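The values are calculated or read from the model by the stated rules, or taken from the named source; none is laboratory data. None of these values were measured; they are calculated from a predicted model. As a convention, Cβ positions derive from the backbone with ideal geometry for all residues, glycine included, and neighbour counts pool all protein chains shown. Only protein heavy atoms, including side chains, enter the accessible area calculation; ligands, DNA and RNA are left aside. Shrake-Rupley method; radii C 1.70, N 1.55, O 1.52, S 1.80 Å.
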Amino acid sequence: MAHESNKLFLKRVPLFSSLSDPQLDALAAASVRRSFPKGRIICNEGEPSQSLYILLAGRAKIQRSDAEGKEVILAVIGSGEFFGEMSLIDDEPRSASVITIEPCEFMAIQKETFKSMLVQNNELAMAIMRGLVRRLRIADKKIETLALLDVYGRVARVLLDFSEIIDGQRVVKGKLPRQEIAKMIGASREMVSRVMKGLEVDGYIVPQPEGRLVLREKISSYLN
Ligand code: CMP
C-alpha cells in the first residue's frame, strides 16, 4: 500500500521522469513519506547524511550559522525541489541546515539506493547536475547582489525574487518576515525595517490587506 502510493508520488517528480518501472519500484521501496509542521529542522549542518529529500509540498529554508549563532539564509526551496544531494555525492557532512517555513511533506530516499541509481541512470545524473547548476547560477547572482548593491538594492532584489504577477500586478504574496529578509542579505532586522519604510513612503512598495505587498515597477531602478 505505502509502496504503491510512494511510487505514485515519485512518478510525479520531474527529477525521476527518466526512471523505468523497476527502477521506480526500487526507489519506492527505499523511500518514506514524511510530514512536518512549520519550524521543524529536517537536517542539520555538519551532521552525516542518510537520505536525499524531495519536497512534495510546502517551503523550506536552507540556512547556515556561525559559532555565535548568527544565521544566513542561502535559499528558500519549494515543492518539486530536492535537497540533501551534496553530502550524498561527496560524502562530506551536511553543508547547511534545512528548516520548514510552512507545513511540509517530503519523500526521504535512502542514500545508498539513490547513489547506485545515479550510477546506473545517465538521465537521472544529468537531472541532478541541472539542479546543481541552477543553484550555482542563483548563488552567482546572489554574490553579485551582495557585492554590488547597497541595502536598498538588496532588499529590492529579495522582494522581486519572491514576487509573482497576480492580476497584472507584481505581488509578494506569502509572509516574508523582515528578520528573514535580513538573514538573506546580511543586514540587521532594524535596517531592513528602515529600508522597507523608506520604500513605502516613496511609493516603491504598497502594503495590502492580508500581508500582501504590491511592488511598483520603479523598484527595479534599485538594481542598477
Ligand atoms: P547537503 O549538504 O546534503 O545538506 C544540506 C542541503 O542544502 C545540501 O545538501 C543542498 O541540497 C542544500 N543546499 C546547500 N546550499 C544550497 C544553496 N546555495 N541553494 C540551494 N540549496 C542548497
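So here's what we get for this one:
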item: Residue 133 accessible area, 1.4 Å probe, all protein chains in place, Å² to nearest 10; result: 80
item: Charge dipole magnitude, Cβ of K and R +1, D and E -1 - the range 1-72, Cα centre, debye nearest 20; result: 360
item: Span-like helix ranges in the chain, DSSP H, alpha carbon extent 20 angstrom or more, Kyte mean at least -1.0; result: 122-148
item: Helix-only [θ]222 nm of the chain, DSSP H runs n ≥ 4, -39500 (n - 2.57) each, per residue, nearest 500; result: -13000 deg cm²/dmol
item: Extension reserve of the residue 11-residue 33 stretch, reckoned as 0.36 nm per residue once the Cα distance is removed; result: 6.5 nm
item: Solvent-accessible area of residue 140 with every protein chain in place, 1.4 Å probe, in Å² to the nearest 10; result: 80
item: Dipole moment magnitude, nearest 20 debye, the range 33-110 about Cα centre, only Lys, Arg, Asp, Glu C-beta charged; result: 420
item: Gain upon complete extension [residue 217, residue 86; 0.36 nm per residue less C-alpha separation]; result: 43.4 nm
item: Dipole of the chain, positive direction: furthest Cα of 93, 52, 65, with charges on the beta-carbon; result: 65
item: Signed unit charges on C-beta, dipole axis of the range 114-216, positive-most listed residue 179, 132, 169; result: 132
item: Pair residue 122, residue 173: separation of 7 Å Cα→Cβ label points (nm); result: 3.9
item: Shape category assigned to the range 69-112 from the gyration tensor of Cα positions, a/c cut at 1.5; result: oblate
item: Spatial separation of Cα centroids for the range 170-197 and the range 1-41, in angstrom; result: 35
item: Largest to smallest accessible area among 81, 200, 217, 4 [probe 1.4 Å]; result: 217, 4, 200, 81
item: Protein-only accessible surface order, largest first, of 167, 91 at 1.4 Å; result: 167, 91
item: Sites residue 110 and residue 201, calculated FRET efficiency, Cβ-Cβ separation with R0 41 Å, nearest 0.05; result: 0.15
item: The range 1-101: C-alpha gyration tensor shape, a/c 1.5 cut-off, then a/b vs b/c; result: prolate
item: Candidates 68, 180, 92: whichever shows maximal mean-square fluctuation once the chain is modelled as a Gaussian network with Cα springs under 10 Å; result: 68
item: Area of residue 197 that stays accessible when all protein chains are in place (1.4 Å probe, Å², to 10); result: 110
item: Flagged links, alpha-carbon separation over 19 Å, of 175/197; 142/183; 197/218; 141/173; 7/111; result: 141/173
item: Dipole magnitude of the range 130-204, debye to nearest 20 (Cβ charges: Lys/Arg +1, Asp/Glu -1, about Cα centre); result: 380
item: Calculated FRET value between residue 130 and residue 3, using beta carbons and R₀ = 22 Å, to 0.05; result: 0.20
item: Spin-label proximity, residue 188 to the range 145-169 - amide N less than 20 Å from point 7 Å beyond Cα toward beta carbon; result: 150-156
item: Largest-first ordering by accessible area, 1.4 Å probe, given options 173, 70; result: 70, 173
